[in-house]
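Worksheet: one structure, shown below.
What follows draws every value from the coordinates through simple rules; no lab data is involved. This is a predicted model, so every value here is computed, not measured. Methodologically, a virtual Cβ is constructed for each residue, glycine included, from the backbone with ideal geometry; neighbour enumeration extends over all protein chains shown.
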Amino acid sequence: MRPVFLLFAVLLGLSAARAQSLEEIDRRQAALIEAWEKTPLTIRRALFINGGFVVDFHIKSRDGEVLAEKENFMRIATESHTRNLEFMVVLTLNLTSAPPGDYVVEYKLHDIASDKTASFNMPFKIAS
């Protein structure tokens, strides 16, 4: 690894800890990617990381009444050689017996490597 890139990575890592916004993280990530693209192919370390999520869901009416829910609905896991900062998740619900109407599904993701959780809501409509 080039000494210049190593210095850049150390400085970026130290300053990233002070980032206060997603825009700042995006700016610093773009700078890292630019430096990475200029660096020859290098293997820094090889190791396995286990990670992923356990997913719960709650289907609610638009006024917030819980109509259906399932904890531990899905387990999504991966093994990687590096610690992942991003994780793509595809979640599919089949609601064949639900009546037409406006609904909200709330997904809650539990990080299997820590006690962290994150939730998000997605409104949807079932047409008649």
Roughly how many Å is it from the Cα centre of the stretch 107-124 to that of the stretch 68-106, as a whole number?
9 Å
Cα centre as origin, Lys/Arg/Asp/Glu Cβ charges: the stretch 65-128 dipole, Debye
140 debye
Which of the three applies to the stretch 83-128, rounded, prolate or oblate, going by the alpha-carbon gyration tensor with a ≥ b ≥ c and a/c under 1.5 meaning rounded?
prolate
If the chain between LEU95 and SER128 were fully stretched, how many nm would it gain, using 0.36 nm times the residue separation less the Cα-Cα distance?
10.6 nm
Whose amide H sits under 5 Å from the amide H of MET74, counting only residues 5 or more places off or on another chain, with H placed in the peptide plane?
VAL55
Ascending count of other beta-carbon atoms within 10 Å, so fewest first, for ASP102, ASP63:
ASP63, ASP102
Give me THR117, THR96 sorted ascending by neighbouring Cβ count inside 10 Å, so fewest comes first.
THR96, THR117
